[in-house]
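Only one structure is covered here, and it is reproduced in the block below.
Derivation of every value follows stated rules applied to the coordinates shown; laboratory data play no part. Since we're looking at a predicted model, the values are computed, not measured. As a convention, Cβ positions derive from the backbone with ideal geometry for all residues, glycine included, and neighbour counts pool all protein chains shown.
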Amino acid sequence: MKDNENRAFTTRRLLITAAIASVFALPLPAGAQQVGKVTGHFGWFGVGKAHQVEEGHFYWVGEFSGTFFNDKGEGSPFHLAGVKCPAFFDADFNNNKAQAGGYCIITELSGDQAYLSWRNAGSPNAGIRNPGTFEYTGGTGKYAGLSGRNTFVGVTQVNWADGTSTGYATWNR
């Protein structure tokens, strides 16, 4: 009787181990395997509301939106995709310090989306290159399960009199 119990226990253990191993052997979603470190630039227009915290210090809440241009061109991930980024920008001109952050939704013509969160810091002055990082947090369609850490540099080119701004960001360059 003891031998039969040992064999049954061993068989169950092997079946459980095989089941667990098969789960880990499943491939990642196609998007997660294909995106990697996308290089290119994102031209944006910022619209929102600025609040004066003190003289020379502003806190802006709004959205950066525009188009991403992948360096590899047609057929590459996110090339000519729409990008929408709800965000904040804390601009302290008194101390020449700024920080910004938020989320982005990248939508391709097919409707597939990628999601990311981002942060950067540097100077609030126009024309200054401010480095940052972003992390993919998921997506839909071919980008389901997307993850990974990346770098970017954000640049505000013009702060318009009406409170909007224009700029760009380079990704993984």
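Calculate the spin-label point distance for E63 paired with A121, positioning each point 7 Å from the Cα along the beta-carbon direction, and give it in nanometres.
With each label placed 7 Å out from Cα toward Cβ, I get 2.9 nm.
Lysines within cross-link reach of K49: Cα-Cα under 26 Å, excluding same-chain residues under 8 positions apart?
Cross-link targets: K84, K97.
Which far-off residues, 5 or more places away or on another chain, put their amide H under 5 Å from the one on L80, with H placed in the peptide plane?
It is F68, F69, N70, by chain and number.
Pull out the extension gain between T39 and N96, defined as 0.36 nm times the separation in residues minus the alpha carbon to alpha carbon distance; nm, one decimal. If you can, show how the numbers build up before the last one.
Details: separation 57, 0.36 × 57 = 20.52 nm, distance 2.89 nm.
Between T39 and N96, full extension yields 17.6 nm more.
If R₀ is 22 angstrom, what is the calculated FRET efficiency for the pair K84 and R129, using the beta carbon separation as r and rounding to 0.05?
Details: r = 23 Å, r/R0 = 1.04.
The computed FRET efficiency comes out at 0.45.
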